[in-house]
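Q: Below you will find the structure I want to go over with you.
Each reported figure results from applying straightforward, stated rules to the coordinates on display, with no laboratory input. Note that the structure is predicted; figures quoted are calculated from it, not measured. Cβ atoms come from the backbone with ideal geometry, glycine included; neighbour counts cover every protein chain shown.
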Amino acid sequence: MGSFLLNIYFPSQDPHGSGDGLDGPYFMFWFLLPFIWAFGYLIYKRYISKEVEVDGFDFNSEFCRDTLMEAYIYLAAEMIKSDTSQSAHKISYMNSYFAKHFGENNFEFKKILVNAYRNPAPVHKIAAWVQLHLDHSQRLQVMYFLAGLSMVDGSIQGLEMRILSKLSQVLELSPKEFQSIIGMYKKQEEKRKAKTTYIPIKSRLKTVCEILGVSEHAGMDEIKKAYRSMVKKHHPDRFYNESEEQQKIAEERFLRIQEAYETIEKLK
């Protein structure tokens, strides 16, 4: 039966199969070879190749260091898209941040960043995933990262601020905590600008008071109370059981709080 079908579709020029024409089975093999190759390639790409792209952030994935970094990148990608100025510098900031706070790893940073641009995920859903898996101090760390990223170009634009404010709510950070984080990065930018530009005392005072979560019109008693509360809350000793990257961030935050209070004492 098989040879009968072959003779119908690929007949030999010699009806007795001994002519000079192409043999049916031989021609069938070469005819089907491209299709066999294409099918094999699809199987390779789907099940074997490591280059298969992930279709967006997987909200059902188990929590681990790599998944956390992926969440960071997806959030960062949305922040960069909201203000594309100095995008290259912002990506460089991300690289430096991961190298400093996460150490060496095999994480495919560029691949995930490209995928975050091509397959964006809702930032509030990623923030909800982060809120579910991280404690309060770790969520603060995420917000410090995003605020620092936004300040790379020297300012936080309106859309950036709205996104950061929304994220801080989903991460269950208080308004004072959010204000303090923004104030710290504003203070950094003021220090940079002060080298070439005069910053009015009133503006400098307002920024450092934001770090402590008080009004620039507050008296020293209120300021001291806020300072002591923040020192107690953010002292590095409280993070001795946390990861090394969290300890580093806690130390940096503590130093900025101290610097803000010392600046207020000088300006008041």
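Q: May I ask you to sort T196, T84, T207, T67 by Cβ crowding, counting other Cβ atoms within 10 Å and putting the fewest first? Spell out each step's value before the answer.
A: Working: T196 6, T84 9, T207 23, T67 15.
So the residues, fewest neighbours to most, are T196, T84, T67, T207.
Q: Mind checking the log10 I(q)/I(0) for segment 176-268 at q = 0.13, 0.21, 0.22 Å⁻¹? Debye, one equal scatterer per Cα, no solvent, two decimals.
A: Result of the Debye calculation: -0.43, -1.00, -1.08.
Q: Please work out the Cα center distance from segment 166-190 to segment 138-156, rounded to the nearest Å.
A: If you average the Cα positions of each part, the centres end up 8 Å apart.
Q: Among the lysines, which have Cα under 22 Å from the Cα of K232 when same-chain residues fewer than 8 positions away are ignored?
A: By straight Cα distance, K232 reaches K176, K187, K224, K248.
Q: Further question on the same structure: Please rank H234, H124, fewest neighbouring Cβ atoms within 10 Å first, as an exposure proxy. Write down the numbers at each step before the final one.
A: On the way: H234 21, H124 13.
Least crowded to most crowded, the residues run H124, H234.
Q: Kindly put L134, L75, L164 in sequence by how many other C-beta atoms sit within 10 Å of each C-beta, fewest to most. Each step should come with its number before you reach the end.
A: Values: L134 17, L75 24, L164 21.
Ascending Cβ contact count within 10 Å gives the list L134, L164, L75.
Q: Hull surface divided by four, with the convex hull built on the Cα atoms of segment 135-218: how many nm²? Each step should come with its number before you reach the end.
A: Working: hull surface 22.7 nm².
One quarter of the hull surface, i.e. the mean projection, equals 5.7 nm².
Q: Go through segment 109-119 residue by residue and turn each phi into a ³J(HN,Hα) via Karplus (6.51, -1.76, 1.60, θ = phi - 60°); whole Hz please, and just put x for glycine and proline.
A: 4, 4, 5, 5, 5, 4, 5, 5, 6, 6, 10
Q: Could I ask something else about it? May I ask you to evaluate 6.51 cos²θ - 1.76 cosθ + 1.60, the Karplus curve with θ = phi - 60°, for each residue of segment 159-166 and list the ³J(HN,Hα) values in order in whole Hz, giving x for glycine and proline?
A: For segment 159-166, the Karplus-derived couplings read 5, 4, 5, 5, 5, 4, 4, 5 Hz, x marking Gly and Pro.
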